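The values are calculated or read from the model by the stated rules, or taken from the named source; none is laboratory data. All values derive from a computational prediction rather than experimental measurement. We place every Cβ from the backbone using ideal geometry, glycine too, and count neighbours over all the protein chains shown.
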Amino acid sequence: MIDLKQVTQLVGELDEEQVMSILENFVASNPTEVDAQNVVGACQEGMAVVGDLFEKGEYFVGDLIFAGELLSEAINILKPAIGGGVTSTVGTIVLGTVHGDLHDIGKNIFKSMSEAAGFEVHDIGIDQSVEAFVEKVKEVKPNIVGMSGVLTLALEAMKDTVDGFKEAGIRDDIKIIIGGNPVTKEACKHINADAFTTNAAEGVKICQSWVK
Ligand code: B12
């Protein structure tokens with residue numbers, strides 16, 4: 001059995017070697033999807049520890065960069081266990097991190113999980129302008145738009161983006177889900193999104209309910 005608290009602690013301590021060794025053994029044990037998603041959650045909590053230490057001045061930007069690389073590597077190891085096996089497309093998602101925000105680890109986790117659940121995902125990347133979202137939606141006509149952001153500032157960028165969809169006359173053609181650490185029920189209402197989550201697995205379930 002994997003010790004989730006230990007995973008959180010080791011990610012918080014940026015102990016790359018131990019984290020990778022534990023995750024490799026975990027994946028080799030043929031875990032269930034739910035167990036793998038819990039490990040993603042434990043890693044996410046570890047990143048919150050990194051964020052707290054950064055705020056306290058104990059970690060620096062270099063540590064944030066290292067933490068980002070560590071988590072991306074961790075998710076690559078976990079990917080085969082996170083889910084999969086669905087071969088037919090259940091729906092289409094346009095996904096991106098909103099303008100001003102360069103964080104993409106959470107977005108990439110949601111992308112992997114939704115692809116594993118059978119969604120065709122068009123990932124437009126980080127720091128994406130309102131126009132880039134609008135153009136992509138016009139091009140691929142998705143069922144769903146997923147917007148990611150971890151900075152507090154991202155919430156206003158998400159609102160700008162939804163306003164952009166409205167101005168382009170395409171808001172009612174899509175469902176919008178927002179994700180990332182700062183999203184809340186209140187923010188979701190303010191932004192005029194249809195759903196919010198700080199958990200990628202929950203996000204996938206919400207998207208599945210929209211395309212049923
Ligand atoms: C790693 C990191 C970085 C890395 C990012 C690397 C990368 N490739 O993403 C780098 C070094 C680039 C970075 C830069 C900065 N960062 Co930074 N960073 C972090 C850190 C430690 C972890 C973020 C993370 O990956 N978390 C783990 C993931 C898995 O969690 P998540 O994003 O929430 O995603 C999950 C869910 O929310 C959901 N999800 C996410 N997106 C989506 C989308 C959809 C559609 C759905 C359905 C679900 C979903 O699924 C995921 C899995 O469950 C956070 C601390 C924290 N508490 O988050 C600070 C943090 C976000 N950073 C912060 C800051 C201040 C900065 C910098 C300004 C630092 C600086 N002085 O330069 C810059 C800003 C750059 C910019 N313009 O964006 C602050 C933000 C403060 C604020 N309130 O706005 C934080 C909170 C740290 C802190 N406590 O001070 N950072």
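Take segment 155-180 and flag every residue that is buried (at least 16 other Cβ atoms within 10 Å of the Cβ) and on the phi > 0 side of the Ramachandran plot.
If the condition is that a residue be buried (at least 16 other Cβ atoms within 10 Å of the Cβ) and on the phi > 0 side of the Ramachandran plot, then G180 is the only one that fits.
Can you list the helices (runs of 4 or more DSSP H) found entirely within segment 47-149 that contain at least 2 residues being of a type in the set (D, E) and away from the ligand (no atom under 12 Å from the Cβ)?
Numbers: elements: 61-82, 105-116, 130-140.
In segment 47-149, 130-140 are the helices (runs of 4 or more DSSP H) which contain 2 or more residues that are of a type in the set (D, E) and away from the ligand (no atom under 12 Å from the Cβ).
Kindly indicate the residue of segment 65-87 that is surrounded by fewer than 16 Cβ atoms within 10 Å (Cβ to Cβ) and of a type in the set (A, V, I, L, M) and also farthest from E33 (Cα to Cα) among those meeting that condition. Explain how you work it out, then say what you get.
Applying the first criterion (surrounded by fewer than 16 Cβ atoms within 10 Å (Cβ to Cβ)) to segment 65-87 yields 65-66, 69, 72-73, 76, 80, 84-87.
If we keep only those that are of a type in the set (A, V, I, L, M) too, we end up with 65, 86.
Working: I65: 28, V86: 13 Å.
Of everything passing the filter in segment 65-87, I65 is farthest from E33 (Cα to Cα).
With respect to D160, determine if the residue is touching a residue at least 60 places away in the same chain (Cβ under 8 Å) and in the same structural domain as G106 (by TED's automatic domain parsing).
Values: touching a residue at least 60 places away in the same chain (Cβ under 8 Å): yes; in the same structural domain as G106 (by TED's automatic domain parsing): yes.
Answer is yes for this residue.
Pick from T97, T152: which is surrounded by fewer than 18 Cβ atoms within 10 Å (Cβ to Cβ) and β-branched (V, I, T)?
Values: T97 fails: surrounded by fewer than 18 Cβ atoms within 10 Å (Cβ to Cβ).
Only one candidate qualifies: T152.
Only residues that are among the hydroxyl-bearing types (S, T, Y) and at pLDDT 95 or above: list them for segment 108-148, please.
Passing the criteria: S129, S148.
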